[in-house]
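The values are calculated or read from the model by the stated rules, or taken from the named source; none is laboratory data. Predicted, not measured: the structure shown is a model, and the values here were computed from it. As a convention, Cβ positions derive from the backbone with ideal geometry for all residues, glycine included, and neighbour counts pool all protein chains shown.
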Amino acid sequence: MPSMKTNRSAAKRFKLTGNGKLVRYKANKRHILTKKTTKRKRNLRQPTVTDATTVKTMKKIMPYL
């Protein structure tokens, strides 16, 4: 049986924590930053735990994570 392939784009965007949770970085920090508040931009810097609905899909496309 051939080995399963990891989705490389997902592998670059998601990391696994020590407890087995998926961590991702937030969107909306690339451009059009002048209208966003400093507090909002500061919160966008922090990584966040991926929600449970996405985790099932991510584990499927990244079998060796």
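Just one of (1) at pLDDT 95 or above; (2) more than 15 Å from the chain's Cα centre (by Cα); (3) not aliphatic (A, V, I, L, M) fails for Thr48. It is (2). Taken over the stretch 28-64, residues that are under 30 Å from Met4 (Cβ atoms) and touching a helix residue (DSSP H, G or I) at 6+ places or on another chain (Cβ under 8 Å) amount to 4.
Across the stretch 1-55, the number of residues qualifying as among the polar types (S, T, N, Q) and touching a strand residue (DSSP E or B) at 6+ places or on another chain (Cβ under 9 Å) comes to 4. Elements of the type helices (runs of 4 or more DSSP H) sitting completely within the chain and holding at least 3 residues that are surrounded by 12 or more Cβ atoms within 10 Å (Cβ to Cβ) and among the aliphatic types (A, V, I, L, M): these cover 52-61.
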